[in-house]
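Q: Pasting a structure below so you can have a look.
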Amino acid sequence: MSELVRLEQVERRFTRAQSVVRALDGVSFSVAAGERVALVGPSGCGKSTCLNLISGVDRPDAGRAHVLGLDLAQARERELELLRRRRIGIVFQAFHLVPHLTVAENVALPLALDGRADPARVRELLERVGLAARAEHYPGELSGGEEQRTAVARALVHRPALVVADEPTGNLDSRSGAAVLALLEELVRESGATLVVATHDARVAASADRVLELADGRLVAERARAG
C-alpha cells in the first residue's frame, strides 16, 4: 500500500507565558492508503497538533511532513487550501456546523466552497446517516448525535482520500458515540478512504488497524490490532 501520510522527526513549538511548549518533539510515523490509525494519549500529548498538521491546517517548525504527496513545510497557502477542500475530510469534536445553514446545506458546504454542486450525493449521505427527514432543519434543532452524524456526512461528501477525526465521540453519550463510530467506520471503509482519528475512547482505538500512543509530544508506543 502507498503512503498517504509521512511525518519525519516533526517538531511543533508554541510560546505560552514566555515559555516554549514542545507540542510535538521529533515525531515520526506514516499512514498507508486505506489504513485506520488511532492516536491516543492524555490531553496535551500532541494528538490534536498531529491532526492539524496532517490536515494541512498547521505546518511543522522542524522535520518533514508529507500528506497526499504535498510537502507541508514548502507548500503555498493556496495548495494547502485546495488539499483540505478537495482531498481531506475533517470531523471535529465540537461539530462546527454553520448554525444558519440547514442540515443539507451544511453537508453540501465542502462542495459549495469548491464551486461544485452534487444534490444526489448530499441526498445519498443524508439517507445513509439517517437524516433525510431532517434535511431542512437547522443545527439548533438537532440532538448531539444528529449534529455529529451531519458532520460525518459533511466530511465525506466530496469523497476525500483522507478523513481526519478529532475526538469524534467526545461530546456524545455512550450510545450516540457508538452509533456515530460505527457509521463513520462503515462510510470510510466503503469509500476506501484512509482514517486518522485522535481519541480517548477505547472503542475507537480498538477498532483501528494501528494505535499510536503519544506522551509529552513524543511517540512512545505503537501497536497493531491483534488478528
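Q: Quick one: grab Rg to one decimal and Dmax as a whole number for the range 188-227, Cα atoms only, in Å.
A: In Å, with Rg to one decimal and Dmax whole: 11.4, 35.
Q: For the chain, modelled as a GNM with alpha-carbon contacts under 10 angstrom, which of 53, 101, 195 fluctuates the most?
A: Comparing 53, 101, 195 in a Gaussian network model of the chain, the most mobile one is 101.
Q: Here is a further query. From the phi of every residue in the range 148-160, what ³J(HN,Hα) in whole Hz does the Karplus formula 6.51 cos²θ - 1.76 cosθ + 1.60 yield, where θ is phi - 60° and glycine or proline is x?
A: Going residue by residue, I get 5, 5, 4, 5, 5, 4, 4, 5, 10, 4, 9, 6, x Hz, with x marking Gly and Pro.
Q: Also, I was wondering about something else. Starting from the Cα of residue 218, step 7 Å along the direction of its Cβ; do the same at residue 141; then give the gap between the two resulting points in nm.
A: Placing both labels 7 Å beyond Cα along the Cβ direction yields 5.3 nm.
Q: When the scattering of the range 57-192 is computed by the Debye formula from its Cα atoms alone, each counted once and equally, what is log10 I(q)/I(0) at q = 0.10, 0.12, 0.16, 0.20 Å⁻¹?
A: Log-scaled intensity ratios, in q order: -0.34, -0.48, -0.82, -1.17.
Q: Distance between Cα centroids, the range 176-227 to the range 43-77: provide it in whole Å.
A: A separation of 19 Å, based on Cα centres.
Q: Per-residue HN-Hα couplings for the range 10-21, Karplus 6.51 cos²θ - 1.76 cosθ + 1.60 at θ = phi - 60°, whole Hz, x for Gly and Pro?
A: 6, 10, 9, 10, 10, 9, 9, 6, 6, 10, 9, 9
Q: If you place +1 on the Cβ of every Lys and Arg, -1 on the Cβ of every Asp and Glu, and leave all else neutral, what size is the dipole of the range 3-224 about its Cα centre, to the nearest 20 Debye?
A: In debye, rounded to 20, the range 3-224 gives about 320.
Q: Go ahead and run the numbers for FRET between residue 32 and residue 98, Cβ-Cβ distance against an R0 of 41 Å, rounding to 0.05.
A: E between residue 32 and residue 98, to the nearest 0.05, is 0.75.
Q: Also, quick follow-up: Over all directions, average the projected area of the Cα convex hull of the chain and note it in nm².
A: 12.9 nm²
Q: Report the one residue of 153, 205, 60 whose Cα lies farthest in the direction of the positive end of the charge dipole of the chain (charges on C-beta: Lys and Arg +1, Asp and Glu -1; origin at the Cα centre).
A: The residue sitting farthest along the positive end of the dipole is 60.
Q: Classify the range 96-149 as rounded, prolate or oblate from the Cα gyration tensor: take a ≥ b ≥ c as the square roots of its eigenvalues, call it rounded if a/c is under 1.5, otherwise prolate when a/b beats b/c and oblate if not.
A: oblate
Q: Can you run phi through the Karplus equation (6.51, -1.76, 1.60; θ = phi - 60°) for the range 71-87 and list ³J(HN,Hα) in whole Hz, with x for Gly and Pro?
A: Working through the residues one at a time gives 7, 5, 5, 9, 5, 6, 4, 5, 5, 5, 4, 5, 4, 5, 5, 10, 10 Hz.
Q: Which of the listed residues, 139, 33, 49, is farthest toward the dipole's positive end in the chain, when Lys, Arg count +1 and Asp, Glu count -1 at the beta-carbon?
A: Towards the positive end, the residue furthest out is 33.
Every number in this text was worked out from the coordinates using simple rules, so none of it is lab data. Since the structure is predicted, the reported quantities are computational estimates derived from the model, not experimental observations. Cβ atoms come from the backbone with ideal geometry, glycine included; neighbour counts cover every protein chain shown.
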